[in-house]
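Heads up, the thing below is written out as structure tokens.
The values are calculated or read from the model by the stated rules, or taken from the named source; none is laboratory data. Every value quoted in this text rests on a predicted model; they were computed, and no experiment measured them. Don't worry about glycine lacking a Cβ; one is built from the backbone with ideal geometry, like all the others, and counts go over all protein chains shown.
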Amino acid sequence: MPLNGRIRKVTVIGAQGVGKTSLIRRYVYGRFSNGVEQGGESAVYRKRLSAGELIIWELGTEEQNPEAILRGSSGVVVVLDVTDEATLEWANEVLPYVSSLLPGRPIAIAGNKCDMKYAARLWRDDIEPIASRWNAALYMTSARTGENVAEVFAHINPDGRS
Ligand SMILES: Nc1nc2c(ncn2[C@@H]2O[C@H](COP(=O)(O)OP(=O)(O)O)[C@@H](O)[C@H]2O)c(=O)[nH]1
Ligand SMILES: [Mg+2]
């Protein structure tokens, strides 16, 4: 099926500091900059793909109207920080909302900062039950090393591998 010119939207959500901006930058620009400073506002990025264009929204933690950002998304990436157990609670609370707003759309959970093994508090086995409850794919990612970053976005947008 020809996909040229196709535009898709994905939304990246997660608690403050989990690495949303870093994951998007790694995917879009192919690099990691330590200590990215950004407030809780939403932000939008574009990535050109051979099969069209991907519009990537970072849902800011201070966004007043999350539904307006999430609506129309082809899929959602829910980001956790494996060094911070509270971010799993955050995901557990937000997943029912996301799946009812976007029924049937793919969800990927990114267990991010997996390079920080010495500081990890969450392991794949801790996150898996929540992922399976919400029928979400689970990837352990690192925006720092790039591990599994393309895979997360490919799950949400399977046409857009390149
Ligand atoms: N070691 C490591 N640090 C990360 C990773 N992703 C993000 N960070 C750091 O975590 C902090 C918050 O990242 P940021 O992308 O701003 O999080 P956001 O608030 O979710 O957008 C920054 O200091 C990043 O450099 C990662 O995969 N590994
Ligand atoms: Mg950010």
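Could you tell me which numbered condition Val18 fails, if it satisfies all but one of (1) without any contact (Cβ under 8 Å) to a residue 24 or more places away in the chain; (2) surrounded by 12 or more Cβ atoms within 10 Å (Cβ to Cβ); (3) not hydroxyl-bearing (Ser, Thr, Tyr)?
Exception for Val18: condition (1).
If you go through the stretch 68-93 one residue at a time, how many are within 26 Å of Lys117 (Cα to Cα) and surrounded by fewer than 22 Cβ atoms within 10 Å (Cβ to Cβ)?
Number of matching residues: 9.
Just to check your reading of the model, which residue among Asn157, Asn112, Asn148 is in contact with a Pro (Cβ under 9 Å, 6 or more places away or on another chain) and under 24 Å from Arg31 (Cβ atoms)?
After applying the criteria, what remains is Asn157.
Hey, among Val36, Val78, which residue is among the aliphatic types (A, V, I, L, M), within 18 Å of Arg144 (Cβ to Cβ) and either in a loop (DSSP other than H, G, I, E, B) or at pLDDT 95 or above (or both)?
None of the others qualify; the one that does is Val36.
Do we have Ser50 as modelled with pLDDT of 95 or more and over 13 Å from Val18 (Cβ atoms) here?
So Ser50 does not fit the description; no.
Among the listed residues Ala110, Ala131, Ala150, which satisfies the condition of being small (Gly, Ala, Ser) and outside any helix (DSSP H, G or I)?
Ala110
Under the condition of being buried (at least 18 other Cβ atoms within 10 Å of the Cβ) and among the aliphatic types (A, V, I, L, M), which residue from the stretch 50-64 is farthest from the chain's Cα centre (by Cα)?
The extreme case among them is Ala51.
Give me a count of the residues in the stretch 110-125 that are closer than 9 Å to Met140 by Cβ and free of Cβ contacts under 8 Å to residues at least 60 places away in the same chain.
Result for the stretch 110-125: 4.
Select from the stretch 21-36 the residues that are near ligand 2 (Cβ under 9 Å from one of its atoms), in contact (Cβ under 8 Å) with a residue 24 or more places away in the chain and among the β-branched types (Val, Ile, Thr) and list them in ascending order.
Result: Thr21, Ile24.
Which ones in the stretch 1-14 are in a loop (DSSP other than H, G, I, E, B) and at pLDDT 95 or above?
Gly14
Looking at the stretch 67-109 only, could you name the residues that are in contact (Cβ under 8 Å) with a residue 12 or more places away in the chain and of a type in the set (Asp, Glu)?
If the condition is that a residue be in contact (Cβ under 8 Å) with a residue 12 or more places away in the chain and of a type in the set (Asp, Glu), then Glu67, Asp81, Asp84, Glu85 are the ones that fit.
Of the numbered conditions (1) away from ligand 2 (no atom under 16 Å from the Cβ); (2) assigned to a helix (DSSP H, G or I); (3) within 14 Å of the chain's Cα centre (by Cα), Glu67 satisfies every one except a single condition; which is it?
Unmet for Glu67, out of (1) away from ligand 2 (no atom under 16 Å from the Cβ); (2) assigned to a helix (DSSP H, G or I); (3) within 14 Å of the chain's Cα centre (by Cα): (3).
Name the residues in the stretch 99-110 that are closer than 23 Å to Trp123 by Cβ and either surrounded by fewer than 21 Cβ atoms within 10 Å (Cβ to Cβ) or more than 16 Å from ligand 1 (Cβ to nearest atom) (or both), would you?
Matches in the stretch 99-110: Ile107 only.
Restricting the search to the stretch 4-62, which residues are among the aromatic types (Phe, Trp, Tyr) and more than 9 Å from ligand 1 (Cβ to nearest atom)?
Answer for the stretch 4-62, where residues must be among the aromatic types (Phe, Trp, Tyr) and more than 9 Å from ligand 1 (Cβ to nearest atom): Tyr27, Tyr29, Tyr45, Trp57.
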